[in-house]
Amino acid sequence: MDEEFFPWQNRKDSPLNEGLGGEEDRKEEMGQELSVAGHGCSSERVSSWGSLPDVCLRHVYRFLTDRDRRNADLVCHHWHNVMRSPSLWRFRFFHFNGRLSKYRQSESSSAVDYVRSLGVYLEQLEVCVCPPRRSLVARRLEQTIRGLFSELTRVNAPLKSLYLMRLGLDQPSWTLELRNSLVECLILFLRRGASRLTFVCLSGMRISMNQGLEVLSVLAQSQRGSFPRCSSLDLKGFFSRELQVHHNSEVPRILRYLQGLTDLSLSYSCLSDELLIALQHRKRGWRDVTYLQTFSLHCTLNEPHEQVVCGCSWATLASSCPGLKVKLTVDQIIDTNKLAGILLPEIPLTEYSMTAFYSPDQNWSTLPLLCCMLPRYRHSLQNLCLDLSNCNESLDEELLELVKVCEHLEQLRIWAFLEISTVQRLLHFRLTKKSSLNQIRVRVYSINEETKEQEDQLKELLSSYLHLPPELDFFAKVYPFV
């Protein structure tokens, strides 16, 4: 491998040549290694950096880039020995864009070389793809990802977490041949190396129905009879946008077999009564019964979201999964009737995030949401995030009342057209009433590009609150709405 990516290549004392077993690594894993750094660095007096214990050096090394690690590795023998610690190489992030550079090693060679040298220690792998616009770039990405997964399989990487994000296979640049090749290499990897996976993220893959079902089936089959099972699965944007997944009965059937799931993220287009029933199902014969703990749904305008889901299905799921937390993200859905069909009162909603940019001529009001729908969750809502373009509508009083009635609200993030005095009233409520609200972040939108006058007003109103409680995370700012 190129020395820029891995500095130990061709060294006789490389961890690839002599291994990483033995007493030192066992001590490292037990947290008992307290030897003083700097031993063997120099016969002269040890500097302050040289006196750092190994555990501190490893902590610092985790923040370094590959180039910085290479430089640190060359400082002295002791730093080189500490750099061999397996704990430094258990996580890796790759960002692939398919572009060529005459100054850098190709993405494919870099990824394969890294896994070939360090894949035996790799436990968490994150791959983020920049969706290609041309078929030539898509082909390079396909070769890079296929080579990466092939090498992961060959070295039998002990992966526990796998992120493969933003592939966007529904883009025209992905030809049928390239899509099939990518899906086949992923399926092959899951068949051979998914038994140890406890976290899988395939968000933004945008796969076809048949291929998506095949990937999920292989993932479910690989988890049978293995411990620990996959406990977290992120499938936001997994299927193509136009697919009405809630009509397909295979998705609930496959998810039922993932018995170890505690955290599940889906697009709202997958939601159905049948799915909610499947998530209730657990084999009671097992010694350790797991329940769904967190259920995240992403509902967006450009995906199907008009299906009817019964409130009783939500109620049954909530009763069968003690302490279930439902997190809902809504993007650009501003039809009040559709929102009412989504925000059923039986949902144990703990987190609600909404982005709604709308023009004045769309004649939509936020007030039914603030006054009628969200107060239903006053006993469960913990996190509220709203980004609204309400330039022709005041919602200050309604927002303040909602905050007051939500008994367990812990985090509030609001970006909207608000009165400056509303920020002060929010802070005053938090400081004078018994409340669990420990994070308040407000962005006050302004129609004026010049916001100095409003900023001065905000500073003046907040000048009397100089000493806030240490547990309170408070931030307020005026922003021009562009």
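The values are calculated or read from the model by the stated rules, or taken from the named source; none is laboratory data. Please read these numbers as outputs of a predicted model, since none were measured by experiment. Here the Cβ positions follow ideal geometry from the backbone for every residue, glycine too, while neighbour counts run over all protein chains shown. Areas reflect the complete protein model, heavy atoms only, side chains present, ligands, DNA and RNA absent. Shrake-Rupley method; radii C 1.70, N 1.55, O 1.52, S 1.80 Å.
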- Item | Scope segment 323-360; condition of a type in the set (Val, Ile, Thr) and either open to solvent by 40 Å² or more (accessible area, probe 1.4 Å) or more than 22 Å from Gln280 (Cα to Cα) (or both); matching residues | Thr329, Val330, Ile333, Ile334, Thr336, Thr355
- Message: Give all pairs with beta carbons closer than 9 Å in which a residue from segment 444-461 that is touching a residue at least 12 places away in the same chain (Cβ under 8 Å) and over 22 Å from Asp387 (Cα atoms) meets a residue that is β-branched (Val, Ile, Thr) and outside any strand (DSSP E or B); count only pairs at least 6 apart in sequence or on separate chains.
- Response: Gln457/Ile420; Leu461/Ile420; Leu461/Val423
- Query: Restricting attention to segment 418-441, does a residue exist that is open to solvent by 30 Å² or more (accessible area, probe 1.4 Å), without any contact (Cβ under 8 Å) to a residue 24 or more places away in the chain, in contact with a helix residue (DSSP H, G or I) (Cβ under 9 Å, 6 or more places away or on another chain) and outside any loop (DSSP other than H, G, I, E, B)?
  - Reply: no
- Message: Checking the structure you have, find out if any residue of segment 178-192 is closer than 21 Å to Val112 by Cβ and among the polar types (S, T, N, Q).
- Response: yes
- Restricting segment 153-167 to residues that are surrounded by 18 or more Cβ atoms within 10 Å (Cβ to Cβ) and assigned to a loop (DSSP other than H, G, I, E, B), the residue that is farthest from the chain's Cα centre (by Cα): Ala157
- Message: Any residue that is within 30 Å of Thr366 (Cα to Cα) and modelled with pLDDT under 95 - is there at least one of those in segment 272-295?
- Response: no
- Query: Restricting attention to segment 304-322, which residues are under 23 Å from Gln244 (Cβ atoms) and either open to solvent by 70 Å² or more (accessible area, probe 1.4 Å) or under 23 Å from the mean Cα position of the chain (by Cα) (or both)?
  - Reply: Pro304, His305, Glu306, Val308, Cys312
- Counted residues, segment 225-242 - those being open to solvent by 10 Å² or more (accessible area, probe 1.4 Å) and either of a type in the set (Asp, Glu) or within 12 Å of Ile254 (Cβ to Cβ) (or both): 2
- Item | Which listed residue is out of contact with any helix residue (DSSP H, G or I) (no Cβ under 6 Å at 6 or more places or on another chain), in contact (Cβ under 8 Å) with a residue 12 or more places away in the chain and either surrounded by fewer than 19 Cβ atoms within 10 Å (Cβ to Cβ) or under 22 Å from Ser208 (Cβ atoms) (or both), from Ser150, Ser173 | Ser150
- Message: Test of understanding: among Leu297, Leu301, which residue is open to solvent by less than 60 Å² (accessible area, probe 1.4 Å), touching a strand residue (DSSP E or B) at 6+ places or on another chain (Cβ under 9 Å) and among the aliphatic types (A, V, I, L, M)?
- Response: Leu297
- Keeping to segment 246-268, report how many residues are outside any loop (DSSP other than H, G, I, E, B) and not β-branched (Val, Ile, Thr). 13
- Note on the structure: Residues of segment 442-454 being surrounded by fewer than 16 Cβ atoms within 10 Å (Cβ to Cβ) and either of a type outside the set (A, V, I, L, M, F, W, C) or in contact with an Asp or Glu (Cβ under 9 Å, 6 or more places away or on another chain) (or both), in sequence order, are Asn448, Glu449, Glu450, Lys452, Glu453
- Task: Test Ile145 against the stated conditions and say whether it is in a helix (DSSP H, G or I) and over 24 Å from Pro252 (Cα atoms).
- Result: yes
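Rundown of residues vs (1) in contact (Cβ under 8 Å) with a residue 12 or more places away in the chain; (2) in a loop (DSSP other than H, G, I, E, B); (3) out of contact with any Asp or Glu (no Cβ under 6 Å at 6 or more places or on another chain), yes/no style:
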residue: Glu274; (1), (2), (3): yes, no, yes
residue: Thr290; (1), (2), (3): yes, yes, yes
residue: Gln307; (1), (2), (3): yes, yes, yes
residue: Ser313; (1), (2), (3): yes, no, no
residue: Ser319; (1), (2), (3): no, no, yes
residue: Gly323; (1), (2), (3): yes, yes, yes
residue: Thr329; (1), (2), (3): yes, no, yes
residue: Leu344; (1), (2), (3): yes, yes, yes
residue: Glu351; (1), (2), (3): yes, no, yes
- Message: Going residue by residue through segment 86-99, is there one that turns out to be open to solvent by less than 70 Å² (accessible area, probe 1.4 Å), part of a helix (DSSP H, G or I) and free of Cβ contacts under 8 Å to residues at least 40 places away in the same chain?
- Response: yes
- Message: So Leu468 passes all but one of these: (1) touching a helix residue (DSSP H, G or I) at 6+ places or on another chain (Cβ under 9 Å); (2) part of a helix (DSSP H, G or I); (3) surrounded by fewer than 16 Cβ atoms within 10 Å (Cβ to Cβ). Which condition number does it fail?
- Response: (2)
- Task: Could you tell me whether segment 376-388 includes any residue that is among the acidic types (Asp, Glu), under 21 Å from Glu410 (Cβ atoms) and within 23 Å of the chain's Cα centre (by Cα)?
- Result: yes
- Message: Can you tell me how many residues within segment 190-210 are crowded, with 20+ Cβ neighbours inside 10 Å, at pLDDT 95 or above and not in a loop (DSSP other than H, G, I, E, B)?
- Response: 3
- Query: Which residue pairs have Cβ atoms under 7 Å apart, sit 6 or more places apart or on different chains, and have a first residue in segment 104-131 that is in a helix (DSSP H, G or I) and surrounded by 21 or more Cβ atoms within 10 Å (Cβ to Cβ) and a second that is modelled with pLDDT of 95 or more and polar (S, T, N, Q)?
  - Reply: Glu107/Thr144; Ala111/Thr144
- Message: Of everything in segment 350-380, what is acidic (Asp, Glu) and in contact with a Pro (Cβ under 7 Å, 6 or more places away or on another chain)? Give them in sequence order.
- Response: none
